[in-house]
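**Student:** The following block contains the structure, expressed as structure tokens.
Since every read-out is calculated from the coordinates, none of them should be taken as a lab result. All values reported here derive from a predicted model rather than from experimental measurement. Because the Cβ atoms are built from the backbone with ideal geometry, glycine has one as well, and the counts that use them run over all protein chains shown.
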């Protein structure tokens, strides 16, 4: 960036910070965490400084890679500690007394957050586990096609490859857009339409691409698929599956309104849930085309086994929840993560994260040595910002900023970008500081 533009940029950001014209910037003083407080009162959620105080994130660092793994907010952390204490003191007694009640509370909290029926939800340990369970259990005839995109993550591609190899199902990967920063609804929809053939049985996509930051128009894509399915027999209809992890915990949507058959997400990223937790949501039609592959540990199927019977009328989500012994204190504290977001307000969460991201993208776009790769439009982006800096590899930028105590990431794809992901615990001051460092980053 030339010296004149740099002075203008620094003058703008410095003025904004010192005068408090950025919403929440000059007021964003990190308050001390009080471990004895229950953090359920309205005053604990009234401003973003109060919310930042719920996290034990080091105040000596700027945390702009929160999309990778959550720091637990106070209510989640306190629930974890409570369950861990009970299990440590008497594991059998605590599990026998509380397991059903606590897991029922998780299903109920997830259903309330998604505005759906709890019977449509399965509990998992991660997005990857959810993808593997759904894609690995899809009932497909030989020759039926699996369609996904070039933009999807390793976990989707490999889960689908494993499934395709089981019964000779062609796996096709297509681009939905040529350049991410210029992606449009029309381009995405038209590319999808062209790619679906009479043999297409599965359409597998990701809501928000972690490699580019593009957010797909899932409801519009669902409508296209529904129109195609209208003239198909039930066993030939295209099943629409969505990896939703990087919109989950940001976007204020009702899952039924997305129109997909499966929605799969981890809870330990934007939702701030316990590490090692996730969900699968399936529509009534979706659950009909998968078969359980890991026995669930719930009363109905277990009671049927004791009688040497096949379980009947078990809720599909429960039947698809893998059994075995899990990190129970983590699973049981997921309820508090859903309740935490509800307490803040889903619309408020979306507005805040979109606002921080818009501010950061506009700052990056103003720099001549930076190429923004994520769309500016909030319709086509969410909480992930991808960009390049002339002459510098992503890993070099990550390294240099880490030396300044700023933690960002790079996208783990063949074409890798620098990645910033502002979250609820970030402030406009955080964004200003990273932007002012990027101004001076040159090869």
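**Student:** Give the angle, between 0 and 90 degrees and rounded to the nearest 10, that separates the Cα long axis of helix 346-365 from the longest principal axis of the Cα atoms of the chain.
**Tutor:** With rounding to tens, the tilt is 50 degrees.
**Student:** With springs only between Cα atoms under 10 Å, which of 290, 398, 92 fluctuates most in a Gaussian network model of the chain?
**Tutor:** Comparing 290, 398, 92 in a Gaussian network model of the chain, the most mobile one is 92.
**Student:** Would you mind checking the tilt of helix 154-166 against the longest principal axis of the Cα atoms of the chain, expressed as 0 to 90 degrees and rounded to 10?
**Tutor:** It works out to around 20 degrees.
**Student:** Calculate the FRET efficiency for residue 325 and residue 184 from the Cβ-Cβ distance with a Förster distance of 45 Å, rounded to the nearest 0.05.
**Tutor:** 0.40
**Student:** While we're looking at this one, here's another question. Restricting the count to DSSP beta bridges whose residues both fall in segment 93-341, what percent are antiparallel, rounded to a multiple of 5?
**Tutor:** Just about 40 percent of them are antiparallel.
**Student:** Take every DSSP beta bridge with both residues inside the chain and express the antiparallel ones as a percent of the total, to the nearest 5.
**Tutor:** Once the DSSP bridges in the chain are tallied, antiparallel ones form about 55 percent.
**Student:** Just report the Cα centroid separation between segment 313-379 and segment 153-206, whole Å.
**Tutor:** Spelled out, the Cα-based centre of one part sits 23 Å from the other.
**Student:** If I stretch the segment between residue 47 and residue 158 completely, what's the gain in nm (0.36 nm per residue apart, minus their alpha carbon distance), one decimal?
**Tutor:** Extra length from residue 47 to residue 158 when fully extended: 35.7 nm.
**Student:** Want the number for residue 137 to residue 220: 0.36 nm per residue separation, take away the alpha-carbon distance, what's left?
**Tutor:** Full-extension gain reported as 27.2 nm.
**Student:** Taking every pair of alpha-carbon atoms in segment 93-341, give the share separated by more than 27 Å as a whole percent.
**Tutor:** Distances greater than 27 Å cover 35 percent of the Cα pairs.
**Student:** At 0.36 nm per residue, minus the direct Cα-Cα distance, what do residue 85 and residue 294 gain on full extension? Give it in nm, one decimal, please.
**Tutor:** 72.3 nm
**Student:** Roughly speaking, what is the centre-to-centre gap between segment 91-134 and segment 386-443 when only Cα atoms are used, to the nearest Å?
**Tutor:** Centre-to-centre distance over Cα atoms comes out at 36 Å.
**Student:** Another question about this same structure. Considering the zone a paramagnetic label at residue 233 would reach in this model (a point 7 Å from Cα along the Cα-to-Cβ line), which residues of segment 135-160 have amide N under 20 Å from it?
**Tutor:** Label zone hits: 138-146.
**Student:** Which angle from 0 to 90°, rounded to the nearest 10, does the C-alpha axis of helix 394-403 make with the longest principal axis of the chain?
**Tutor:** Its long axis makes an angle of about 60 degrees.
**Student:** Pick from 151, 98, 341: which is most flexible by mean-square fluctuation in a GNM of the chain where alpha carbon atoms under 10 Å apart are linked?
**Tutor:** 98
**Student:** R0 = 35 Å: FRET efficiency of residue 416 with residue 342, Cβ-based, nearest 0.05?
**Tutor:** Here the calculated transfer efficiency is 0.45.
**Student:** Given that just one value was derived from the coordinates, which of [x] 22.9, 72; [y] 22.8, 80; [z] 29.6, 87 is Rg and Dmax of the Cα atoms in Å?
**Tutor:** Matching entry in [x] 22.9, 72; [y] 22.8, 80; [z] 29.6, 87: [y].
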